[in-house]
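Reading through the structure tokens given below for one structure.
The values are calculated or read from the model by the stated rules, or taken from the named source; none is laboratory data. In this text the structure is predicted, and so the values were computed from the model without any measurement. Please note: Cβ atoms are built from the backbone with ideal geometry, for glycine as well, and neighbour counts cover all protein chains shown. The protein model used for the area step is the full one, side chains on, heavy atoms only, and it has no ligands, DNA or RNA in it. Shrake-Rupley method; radii C 1.70, N 1.55, O 1.52, S 1.80 Å.
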Amino acid sequence: MVAQAGPSRARPLWVLAALGVLAVAMVAGLLDGAADISPWQVVLQAVDWLPFVHVDSGLAPVEQGLLFELRLPRVLVAAVVGGLLAVAGAGYQGVFRNPLADPYLLGAAAGAGLATTVAIVLLPSAAGSIPVAAFLGAVGGVFLAYTLGNTAGRAGGTATLVLAGVAVTSFLTAIQTFVQQFKVEELQRIYSWILGDVGGGWDQFWLVLPYAAVSAVLLLLHGRMLDVLSVGDEEAASLGVRAARVRFTVLLAASLATAAAVAVSGLIGFVGIVIPHVVRRLAGGSYRIVLPLSLIGGAAFLVAADLVARTVIAPAELPIGVVTMFVGAPFFVGVLRMTRRAST
Amino acid sequence: MIETSALSVRLGDREVLAEVDLRVRRGDWLAIIGPNGAGKSTLLKAVMGLVAHRGTVTLDGRPAAGLKPRERARLLAYAPQTPALPPDMTVFDYALLGRTPYIPYLGRESRHDRDVTASVLDRLDLTELAMRRAGELSGGERQRVVLARALAQQAPVLLLDEPTTALDLGHQQQVLELVDRLRRADGLTVVTTLHDLTVAGLYADALLLLAEGRAAASGAPAQVLTEALVGRHFDAHVKIEPGPDGRPVVHLVRGGP
């Protein structure tokens with residue numbers, strides 16, 4: 001039988017399935033906690049929060065407040081951050097034509113790490129300065145790597161960009177390590193930021209949302225262009241596409257997404273590699289599929305990871321970055337082995 | 001259709017192409033031949049605007065330098081020697097890339113673009129493979145798929161860099177016959193680099209012999225494929241005889257040069 005020929009795009013069935021997984025993860029995220037609330041009441045309450053809908057969930061005001069002020073923003077921040085990291089990772093992979101590229105490749109993580117460390121060391125009491133510092137640091141790190149890569153090598157080439165990212169990352173990490181020695185008593189705070197946290201409440205959510213919306217829309221619009229880039233710069237040029245311009249725009253959007261995610265949640269690793277890979281294996285390799293499904297899948301994954309982080313050693317919490325890396329590292333090895341087999 | 005005048009390309013300190021004048025009439029097939037490193041691929045890339053060059057390129061009477069990349073891509077379709085076929089991409093998606101010059105930057109393909117792609121795949125007997133991943137194709141199939149992308153571009157000129165490398169005898173013939181049929185049916189102008197001199201003489205209307213970046217000879221196959229010219233520029237000992245259709249056939253002579 002010959003399948004109906006047509007262009008690849010995210011089939012409605014896949015989108016619905018991914019949204020279903022996300023919804024289940026979110027309800028599960030709302031359910032977990034010390035207070036005993038039934039799943040059905042959570043669902044009713046979630047429906048009640050939707051605009052123009054009123055349902056009586058039978059929850060007491062205290063329980064409603066607990067759900068609304070603590071659990072809901074936490075789930076939403078996890079969803080937004082996970083979605084951003086995954087879609088940014090997919091964007092980086094498209095730009096570098098390398099399935100192992102991740103959102104931190106161009107120095108975003110090292111830049112944010114340095115800026116946050118400086119903020120914690122210099123302004124230990126002003127916790128509100130951390131997201132701002134992280135955001136600026138991430139943007140600064142990428143800017144440095146991009147400028148360095150484009151002045152050192154062939155304009156717009158990817159190989160020198162990656163090398164510049166590696167150089168900037170080591171350099172900024174060295175400075176960060178140096179700075180944190182001045183305030184050893186703050187080491188724990190610095191590390192707990194690095195390992196990630198999505199429990200900052202509604203403030204974090206509203207902080208990240210505008211950047212998330214702009215960068216995600218920009219990335220989703222570039223699916224077809226990333227498919228064109230996948231045949232290489234020269235062939236893309238023969239098709240009338242200025243590869244360097246596409247690359248710049250996608251890197252800008254993906255770096256904005258990364259910076260926004262890092263600003264509110266620290267350095268959560270591996271989401272940006274793991275999720276696009278799963279999507280590619282399950283649904284197809286076109287970026288018109290990988291980008292939207294990574295956005296939804298990344299959201300679901302991080303909500304689930306946060307749930308695990310909150311439950312395995314309850315009432316204490318694991319840092320969420322530990323959970324994602326625990327799943328991510330073995331997966332990374334598996335992908336390496338699979339790509340090696342495919343290329344021989 | 002294509003004219004170049006004093007076309008020169010420098011890569012680093014090396015003059016890869018020097019003062020090449022070229023003229024291809026509409027509907028003709030020009031084969032560029034020459035020893036390794038003579039600048040054959042570079043000449044195609046310069047015409048395509050993919051490398052920085054001096055001199056002028058005129059396409060369909062218009063100076064190429066004044067064309068936007070998308071406009072140029074609607075005039076010239078190019079297939080490199082070793083095209084990158086992303087292994088996860090479907091054949092349909094790959095052929096559809098040929099429609100890129102007609103699709104707005106952030107837009108999506110129209111029904112017309114899909115129809116053109118489907119009909120090109122049908123013409124090249126690729127419909128059955130349309131939803132196959134590129135990584136699963138054989139060498140001959142890959143070459144046809146690359147040709148499909150170039151044809152989906154609906155450009156009046158096809159620039160093909162060594163379209164038959166890595167193909168066995170039968171598949172070489174299949175691809176070249178296909179190109180020949182398509183250009184007769186659609187009035188396409190074809191410029192190919194070709195390694196095999198006999199094959200070049202068999203299919204092309206005109207040959208251009210490049211040596212060390214310069215045009216050493218050009219004209220009808222019988223004028224360019226002479227024992228003297230081939231012997232000198234390829235540093236080879238050959239015997240050239242007219243074949244059954246009068247076109248020159250190049251034989252290697254054992255024991256030379």
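The table for this structure:
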{"quantity": "Unmet requirement for residue A:104, which otherwise passes all of (1) touching a helix residue (DSSP H, G or I) at 6+ places or on another chain (Cβ under 6 Å); (2) touching a residue at least 60 places away in the same chain (Cβ under 8 Å)", "calculated": "(1)"}
{"quantity": "For residue A:334: the one exception among (1) in contact (Cβ under 8 Å) with a residue 12 or more places away in the chain; (2) in a helix (DSSP H, G or I); (3) open to solvent by 10 Å² or more (accessible area, probe 1.4 Å)", "calculated": "(1)"}
{"quantity": "Extreme residue, farthest from residue B:69 (Cα to Cα), among residues of the range B:119-130 that are within 10 Å of chain A (Cβ to nearest Cβ), without any contact (Cβ under 8 Å) to a residue 24 or more places away in the chain and not polar (S, T, N, Q)", "calculated": "B:128"}
{"quantity": "Unique match (being within 14 Å of chain B (Cβ to nearest Cβ), part of a loop (DSSP other than H, G, I, E, B) and in contact with a Ser or Thr (Cβ under 7 Å, 6 or more places away or on another chain)) among A:5, A:10", "calculated": "A:5"}
{"quantity": "Residue identified as surrounded by fewer than 17 Cβ atoms within 10 Å (Cβ to Cβ) and in contact with a strand residue (DSSP E or B) (Cβ under 7 Å, 6 or more places away or on another chain) among B:246, B:219", "calculated": "B:219"}
{"quantity": "Filter result for residue A:77 (part of a helix (DSSP H, G or I), touching a residue at least 12 places away in the same chain (Cβ under 8 Å), surrounded by fewer than 23 Cβ atoms within 10 Å (Cβ to Cβ) and within 18 Å of the chain's Cα centre (by Cα))", "calculated": "no"}
{"quantity": "Filtered residue count, the range B:85-113, keeping only those that are out of contact with any His (no Cβ under 8 Å at 6 or more places or on another chain), without any contact (Cβ under 8 Å) to a residue 12 or more places away in the chain and either not charged (D, E, K, R) or not in a loop (DSSP other than H, G, I, E, B) (or both)", "calculated": "8"}
{"quantity": "Only listed residue being within 14 Å of another protein chain (Cβ to nearest Cβ) and open to solvent by 30 Å² or more (accessible area, probe 1.4 Å), chosen from A:279, A:217, A:241, A:228", "calculated": "A:217"}
{"quantity": "The range B:144-185, residues that are under 22 Å from residue B:47 (Cα atoms) and in a helix (DSSP H, G or I)", "calculated": "B:146, B:147, B:148, B:149, B:150, B:151, B:152, B:176, B:179, B:180, B:182, B:183"}
{"quantity": "Qualifying positions in the range B:133-155 - more than 9 Å from chain A (Cβ to nearest Cβ) and more than 17 Å from residue B:178 (Cα to Cα)", "calculated": "B:134, B:136, B:137, B:138"}
{"quantity": "3 or more residues small (Gly, Ala, Ser), open to solvent by less than 60 Å² (accessible area, probe 1.4 Å) and within 28 Å of residue A:94 (Cβ to Cβ): qualifying helices (runs of 4 or more DSSP H) within the range A:105-212", "calculated": "A:108-122, A:129-152, A:158-180"}
{"quantity": "Residues being part of a helix (DSSP H, G or I) and either on the phi > 0 side of the Ramachandran plot or more than 7 Å from chain A (Cβ to nearest Cβ) (or both) - total across the range B:73-84", "calculated": "2"}
{"quantity": "Residue in the range A:255-265 that is more than 30 Å from residue A:70 (Cβ to Cβ), crowded, with 24+ Cβ neighbours inside 10 Å and in contact with a Gly (Cβ under 7 Å, 6 or more places away or on another chain) present", "calculated": "no"}
{"quantity": "Any hit, the range A:293-305, residues being at pLDDT 90 or above, in contact with a helix residue (DSSP H, G or I) (Cβ under 7 Å, 6 or more places away or on another chain) and surrounded by fewer than 23 Cβ atoms within 10 Å (Cβ to Cβ)", "calculated": "yes"}
{"quantity": "Check on residue A:121, in contact (Cβ under 8 Å) with a residue 60 or more places away in the chain and hydrophobic (A, V, I, L, M, F, W, C)", "calculated": "yes"}
{"quantity": "Which numbered condition residue A:247 fails, given (1) more than 14 Å from chain B (Cβ to nearest Cβ); (2) touching a Gly at 6+ places or on another chain (Cβ under 8 Å)", "calculated": "(1)"}
{"quantity": "Those residues of the range B:86-108 which are crowded, with 21+ Cβ neighbours inside 10 Å, more than 7 Å from chain A (Cβ to nearest Cβ) and either in contact with a Pro (Cβ under 8 Å, 6 or more places away or on another chain) or not charged (D, E, K, R) (or both), in sequence order", "calculated": "B:91, B:94, B:95, B:98"}
{"quantity": "Residues of the range B:38-63 classified as away from every other protein chain (no Cβ under 14 Å), over 17 Å from residue B:77 (Cβ atoms), outside any strand (DSSP E or B) and open to solvent by less than 60 Å² (accessible area, probe 1.4 Å), total", "calculated": "3"}
{"quantity": "Options B:230, B:253: the member that is over 21 Å from the mean Cα position of the chain (by Cα), surrounded by 21 or more Cβ atoms within 10 Å (Cβ to Cβ) and over 28 Å from residue B:149 (Cβ atoms)", "calculated": "B:230"}
{"quantity": "Residue match in the range A:308-326 (condition: closer than 30 Å to residue A:225 by Cβ and either under 17 Å from the mean Cα position of the chain (by Cα) or open to solvent by 10 Å² or more (accessible area, probe 1.4 Å) (or both))", "calculated": "yes"}
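Per-residue answers, yes or no, for (1) buried (at least 22 other Cβ atoms within 10 Å of the Cβ); (2) in contact (Cβ under 8 Å) with a residue 40 or more places away in the chain; (3) not charged (D, E, K, R):
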site	(1), (2), (3)
B:161	yes, yes, no
B:171	no, no, yes
B:183	no, yes, no
B:208	yes, yes, yes
